[in-house]
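Contents: one structure, followed by commentary.
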Amino acid sequence: RKGVKELLTALALTDATVRDGWVLDIVGDGPSRDDLQQLAAELGLSQNCVFHGRVAYREIGRFYRDCDLVISPTLADYRSLGGFEAVNAGRPLLTSVHDGASRELAELAPAVELIDPRDAPALAAVLNRYLARDGYLQERKRAAAEVPEWFSVAGVGRNLTRLVGAALNSRP
């Protein structure tokens, strides 16, 4: 459901000229992990993929801090927290159209791009832009560094206060 298989398939379709020099950190665990590791090996991506398994939530921040790009290739999510975390961490985000929050994120944050993980050739084309060493990734990182006010801690607090007030005022 998280779209890792689809992401690996698309990465295998990227141009040979961009296949070196990147690392995909895969955070999380589940019954498909062994199959995904096998797929990475079959696709020639084992050297690029690090499967971290389950990570305590308090340790997740380091992955956002240390990455250049967050990819959320989910095939079905109501509103994944990961996209909001990526925006608040000031990181560019590729987020799936199958995430209920993706359009809101793309509309309100400057370095969010929508992807369809089920369209491997189109996803590979997007990944080629980010993996090419032509400055595109750096441009997106600069754009992402400015966290939109709507997603700031203060902005979220104001929104929560407004919503709680509205809920209280609507009570009979």
TODO: Please build a GNM for the chain, connecting alpha carbons under 10 Å apart, and tell me which residue among L93, L114, L43 fluctuates the most.
DONE: L43
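Please figure out what share of the DSSP beta bridges in the chain is antiparallel and state it in percent, rounded to the nearest 5.
Antiparallel: roughly 10 percent of the beta bridges in the chain.
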TODO: Give the carbon-plus-sulfur fraction of the accessible surface of the chain in %, rounded to a whole number; probe 1.4 Å, heavy atoms of protein chains only.
DONE: 53
Open item on the list: Within 10 Å, at most 16 other Cβ atoms, and a DSSP state outside H, G, I, E, B define an exposed site. Report the longest part of the chain free of exposed trypsin sites (Lys or Arg not before Pro).
Closed with: 134-172
Task: Accessible surface, 1.4 Å probe, highest first, among residues I60, I115 - done: I60, I115
TODO: Sort S46, S96, S152, S170 by accessible area with a 1.4 Å probe, largest first.
DONE: S170, S46, S152, S96
Task: Computed [θ] at 222 nm, deg cm²/dmol, the chain (DSSP H ≥ 4; -39,500 (n - 2.57); rounded to nearest 500) - done: -13000 deg cm²/dmol
Task: Relative contact order [Cα under 8 Å, 6+ residues apart], the chain, whole percent - done: 24
Task: Nonlocal amide H pairs with L24, under 5 Å, H built at 1.01 Å - done: C49, V50
Task: Degrees separating the helix 120-131 axis from the principal Cα axis of the chain, which is the longest one - done: 90
TODO: May I ask you to list the GluC sites (Glu not before Pro) in the stretch 109-164 that are in a DSSP loop and have at most 16 other Cβ atoms within 10 Å of their Cβ?
DONE: E146
Task: Lys, Arg +1 and Asp, Glu -1 on Cβ, resulting dipole of the chain about Cα centre, debye, nearest 20 - done: 600
Open item on the list: Quick one: 3J(HN,Hα) in Hz for the stretch 17-29, Karplus 6.51/-1.76/1.60 with θ = phi - 60°, rounded, Gly and Pro as x.
Closed with: 5, 10, 6, 9, x, 10, 10, 9, 8, 9, 9, x, 9
Task: Normalised contact order of the stretch 1-90, rounded percent, pairs of Cα under 8 Å and 6 or more residues apart - done: 39
Open item on the list: Show me, for the stretch 134-145, the HN-Hα J-couplings you get by feeding each phi into the Karplus relation (A = 6.51, B = -1.76, C = 1.60, θ = phi - 60°), rounded to Hz, glycine and proline as x.
Closed with: 10, x, 4, 4, 4, 4, 5, 5, 5, 5, 6, 4
Open item on the list: Using the Karplus curve 6.51 cos²θ - 1.76 cosθ + 1.60 with θ = phi - 60°, what ³J(HN,Hα) values do you get for each residue of the stretch 155-164, in whole Hz, with x for Gly and Pro?
Closed with: x, 5, x, 4, 5, 5, 4, 4, 5, 5
Task: Per residue accessible area in Å² of the chain, where ligands, DNA and RNA are left out and the probe is 1.4 Å - done: 58
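The values are calculated or read from the model by the stated rules, or taken from the named source; none is laboratory data. From a predicted model like this one, the values you see are computed outputs, not experimental measurements. Glycine gets a Cβ as well: all are built from the backbone with ideal geometry, and neighbour counts include every protein chain shown. These accessible areas exclude ligands, DNA and RNA; they are computed on the full protein's heavy atoms, side chains included. Shrake-Rupley method; radii C 1.70, N 1.55, O 1.52, S 1.80 Å.
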